[in-house]
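First comes the structure, then the notes that go with it.
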Amino acid sequence: MADHPHPPFGNFNSVRRALEVRDDLVGPVAAALKGWEAKDAAESVLYVDTDPDKADTAVFCETYGVPLESSANCVVVAAKRGGEITLAACLVLAHTRLDVNTAVRKHLGARKASFAPMDAAVEETAMEYGGITPIGLPTVWPLLIDQAVAATPHILTGSGRRRGKLILPGWAAAKLPGAEVIPGLAA
């Protein structure tokens, strides 16, 4: 695995296979990559080192030459039913909008669904806000992936920190533990 990978898009000074830089990743992400049963998927993940001050999607895409249609956001949602709150993660392409009020709420069987508070998302994931990734999320969480993400040749998403991003094939995202591919999750 010591080859020099080339990203499918973007202009990055440093590109490595994520499995080779696990020490640079937050604990849950590194552990998830190492323990991912779909070895072909784990081996397909690239890590690009980037400026944490340019981590926000629009700025990042412009700075590094990444098409917005290839960038995916991992959004943490709080679904409520009765007194129960279920946290879930949703992975959608950055140029789309997550349908929290209908698609997510109905899929999770909740009375109400909304974006989770930032502090709760950070605490529960052990990741930095602006860098939350679907790799390494709590295993009890539902992971809902928009069908368009799974169909995208390669996506760029957070690395667990604001510094650096992960690039992986859409099919690999769909193989994440507990992932459910949902048509119409975003519009």
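Quick one: would you say Glu37 is surrounded by fewer than 20 Cβ atoms within 10 Å (Cβ to Cβ), in contact (Cβ under 8 Å) with a residue 60 or more places away in the chain and in contact with a His (Cβ under 7 Å, 6 or more places away or on another chain)? So Glu37 does not fit the description; no. The set of residues in the range 54-65 being more than 17 Å from the chain's Cα centre (by Cα) and in contact (Cβ under 8 Å) with a residue 40 or more places away in the chain consists of Tyr64, Gly65.
Selection of the range 171-187 for residues being in a loop (DSSP other than H, G, I, E, B), open to solvent by less than 60 Å² (accessible area, probe 1.4 Å) and either in contact with a Gly (Cβ under 8 Å, 6 or more places away or on another chain) or farther than 15 Å from Thr133 by Cα (or both) yields Gly184, Leu185. Residues in the range 61-78 that are farther than 11 Å from Thr157 by Cβ, assigned to a helix (DSSP H, G or I) and open to solvent by less than 50 Å² (accessible area, probe 1.4 Å): Cys61, Tyr64. When the criteria are applied in full, Ala30 meets the requirement of being among the hydrophobic types (A, V, I, L, M, F, W, C), in a helix (DSSP H, G or I) and open to solvent by less than 60 Å² (accessible area, probe 1.4 Å).
The values are calculated or read from the model by the stated rules, or taken from the named source; none is laboratory data. Predicted, not measured: the structure shown is a model, and the values here were computed from it. So basically every Cβ, Gly included, is an ideal-geometry build from the backbone, and we count neighbours across all protein chains shown. Protein only, heavy atoms only, side chains kept; ligands, DNA and RNA dropped before computing areas. Shrake-Rupley method; radii C 1.70, N 1.55, O 1.52, S 1.80 Å.
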